[in-house]
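Each remark here refers to the structure printed beneath this line.
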Amino acid sequence: MFEPYIETVTGRKVHFLHPEPDEIDIKDIAFSLSNQCRFSGHVQFYSVAEHSVMVAAMCQEKDQLAALLHDASEAYLSDIPSPVKQYLPDYKAIEETVQKAINDKFNVNTFTENIKYADKKASYQEATYLLDSRGRDWVPVLFQPQQKFKPHCLTPKDAFVLFMDWYNKLTEPLESKLIISA
């Protein structure tokens, strides 16, 4: 029986209804997320990849890899805005299935409250800088944007490089992080 799949930039076939971790590739994730614009494209181009790096930067080191990958399922399914996604229960179920395969592949848990909080905080931050309304009707009253997390609105190519740099730094072997003194 034919099972639908998404063909990726690296030539992989990802069977999104029943994905296997070996179908997942970090370059596919980085490439796709760097080419997808947040807020349904209703802002100056600001990629999901750059958003993912912002979420990772807002987390403690132990959560950063998971935070970087928190929207990785969108590489295979596309970014759908939260206000719309809540009305698509089948999409949400498929998204969770794909994200679980990604979590298994990279041995992370992207479903934690810490990451959800950082994702929400990053979204508020982005809204204050990117939306005409500055997100006033949906951003908590007490939220104050932080200049150090201002979106840069990188090109897709630069967002890809940034995402991959973060991934490589977060996954380099522990031995290479240690300073050995003579």
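Which of the residues belonging to region 99-135 are at pLDDT below 95, in contact with a helix residue (DSSP H, G or I) (Cβ under 6 Å, 6 or more places away or on another chain), crowded, with 16+ Cβ neighbours inside 10 Å and part of a loop (DSSP other than H, G, I, E, B)?
Within region 99-135, GLY135 is the sole residue that qualifies.
Where the second residue is assigned to a loop (DSSP other than H, G, I, E, B) and not acidic (Asp, Glu) and the first is free of Cβ contacts under 8 Å to residues at least 12 places away in the same chain and lies in region 10-21, which pairs have Cβ atoms under 9 Å and are six or more apart or on separate chains?
Note: pairs meeting the criteria are LYS13/TYR5.
Can you find, within region 66-84, the residue that is nearest to ILE29 (Cα to Cα) among those that are surrounded by fewer than 18 Cβ atoms within 10 Å (Cβ to Cβ) and small (Gly, Ala, Ser)?
SER78
Would you check if SER32 is closer than 22 Å to ASP132 by Cα, touching a helix residue (DSSP H, G or I) at 6+ places or on another chain (Cβ under 7 Å) and of a type in the set (Gly, Ala, Ser)?
When the stated conditions are applied, SER32 does not pass them.
Taking only region 145-167 into account, find how many residues are surrounded by 15 or more Cβ atoms within 10 Å (Cβ to Cβ) and among the charged types (D, E, K, R).
Going through region 145-167 one residue at a time, the tally reaches 1.
I'm checking my understanding of the structure. Among residues of region 1-22 that are part of a loop (DSSP other than H, G, I, E, B) and of a type in the set (D, E, K, R), which one is surrounded by the most Cβ atoms within 10 Å (Cβ to Cβ)?
Applying the filter and picking the extreme gives ARG12.
For region 23-48, what are the residues that are among the charged types (D, E, K, R) and either buried (at least 22 other Cβ atoms within 10 Å of the Cβ) or at pLDDT below 95 (or both)?
Correct list: ARG38 only.
The values are calculated or read from the model by the stated rules, or taken from the named source; none is laboratory data. Model, not experiment: these values are computed from the prediction. Positions of Cβ are generated from backbone atoms using ideal geometry, with glycine treated the same way; all protein chains shown enter the neighbour counts.
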